[in-house]
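This report concerns only the one structure given below.
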Amino acid sequence: MKRLCAICARGGSKGVKNKNIRDLGGKPLIAHSLGQAKESGLFNKVVVSSDSDEILAVAKKWGADLTVKRPAKFASDTAPKLAAIKHCVEQTERICNEQYDTIVDLDATSPLRSVKDIQEAVRLLESKKVANVITGAPARRSPYFNLVERDEKGVVHLSKQPPVPIVRRQDAPRCFDMNASIYVWRRDSLFQSNQLFLGDTLLYEMPEERSHDIDSERDFQIVEFLWRQRNA
């Protein structure tokens, strides 16, 4: 079983300038994901893909086995991440002259995951033999109870209308917030579809404290606080 870890990190970031190489706990943000991937002991190659030469240089310094320059068409604000991941896998397989069975994407902006989270998400995919696995945390709002939408008239209603009204949140079906931390695919499933949700997609559950994704300055402050708390 050959496994590839791809860490795709764009240079452009409107919410937090240079966030992928910004310091967190004494090292660049992307270095945390690189270290976790290496420590997991799972991967034949750990590869960083980026349109930024600066990010690629930092990735090499912090232990990436290989770096891949991402074309501009895969690095815009509107470019789908799946395309960037596929490009990274294809280029790695071409350079290394080998094909990988399991592909894992670690988001550099989710540094609070544990090594065990990576190991268990991969184990879930390979033991269940499913197409892919995503990660998420228990949702703070329920579409069956207290998550609402406005219709075309501006009238508010529950996002999901249960056949019998639910009066306690605890009685609602369990829902999850995707945390964008870990994505795991069988290689054939990744390349056969441009969709994330496939016929047998599973979710690996992570706690809220390991599920923060950095998309704003406030997010970075929260992650810094949790990081210091964890490492105090």
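The values are calculated or read from the model by the stated rules, or taken from the named source; none is laboratory data. It should be emphasised that the depicted structure is a prediction, and the values quoted were computed from it without experimental measurement. Glycine also receives a Cβ, built like all others from the backbone with ideal geometry; neighbour counts cover every protein chain displayed. Remember, those area values only see protein heavy atoms, side chains included, never the ligands or the DNA or RNA. Shrake-Rupley method; radii C 1.70, N 1.55, O 1.52, S 1.80 Å.
Kindly provide the set of residues from the range 94-115 that are open to solvent by 20 Å² or more (accessible area, probe 1.4 Å) and on the phi < 0 side of the Ramachandran plot, ordered by number.
ARG94, ILE95, CYS96, GLU98, GLN99, ASP101, ASP107, SER114, VAL115, listed by residue number.
Does VAL156 satisfy being of a type in the set (A, V, I, L, M) and surrounded by fewer than 15 Cβ atoms within 10 Å (Cβ to Cβ)?
Considered against the rule, which asks whether it is of a type in the set (A, V, I, L, M) and surrounded by fewer than 15 Cβ atoms within 10 Å (Cβ to Cβ), VAL156 comes out as yes.
Determine which single condition GLN36 fails, assuming it passes every other condition in (1) among the polar types (S, T, N, Q); (2) free of Cβ contacts under 8 Å to residues at least 60 places away in the same chain; (3) closer than 17 Å to ARG113 by Cβ.
(2)
Which ones in the range 42-60 are within 23 Å of ARG123 (Cβ to Cβ) and either open to solvent by less than 40 Å² (accessible area, probe 1.4 Å) or without any contact (Cβ under 8 Å) to a residue 40 or more places away in the chain (or both)?
LEU42, PHE43, VAL46, VAL47
Mind checking whether some residue in the range 208-225 is open to solvent by 70 Å² or more (accessible area, probe 1.4 Å), of a type in the set (Asp, Glu), over 22 Å from ILE7 (Cβ atoms) and in a strand (DSSP E or B)?
no
Residue by residue through the range 61-84, note down the ones that are among the aliphatic types (A, V, I, L, M), at pLDDT below 95 and either open to solvent by less than 20 Å² (accessible area, probe 1.4 Å) or assigned to a loop (DSSP other than H, G, I, E, B) (or both).
Matches in the range 61-84: ALA75, ALA79, ALA84.
Looking at ASP200, is it open to solvent by 40 Å² or more (accessible area, probe 1.4 Å), closer than 21 Å to ASP105 by Cβ, out of contact with any Pro (no Cβ under 7 Å at 6 or more places or on another chain) and not hydrophobic (A, V, I, L, M, F, W, C)?
Yes; evaluated as a whole, the condition is true for this residue.
When you go through (1) under 24 Å from CYS96 (Cβ atoms); (2) assigned to a loop (DSSP other than H, G, I, E, B); (3) among the polar types (S, T, N, Q) one by one for SER13, which number turns out not to apply?
(1)
Looking for whichever is assigned to a strand (DSSP E or B) and either closer than 17 Å to ILE7 by Cβ or open to solvent by less than 40 Å² (accessible area, probe 1.4 Å) (or both) here; the options are VAL133, VAL122. Which one fits?
VAL133
Taking the range 172-190 as the search range and keeping residues that are out of contact with any strand residue (DSSP E or B) (no Cβ under 9 Å at 6 or more places or on another chain) and in contact (Cβ under 8 Å) with a residue 12 or more places away in the chain, which one is most open to solvent (accessible area, probe 1.4 Å)?
Residue satisfying both the conditions and the ranking: PRO173.
In this structure, is VAL58 within 24 Å of ASN132 (Cα to Cα) and modelled with pLDDT of 95 or more?
no
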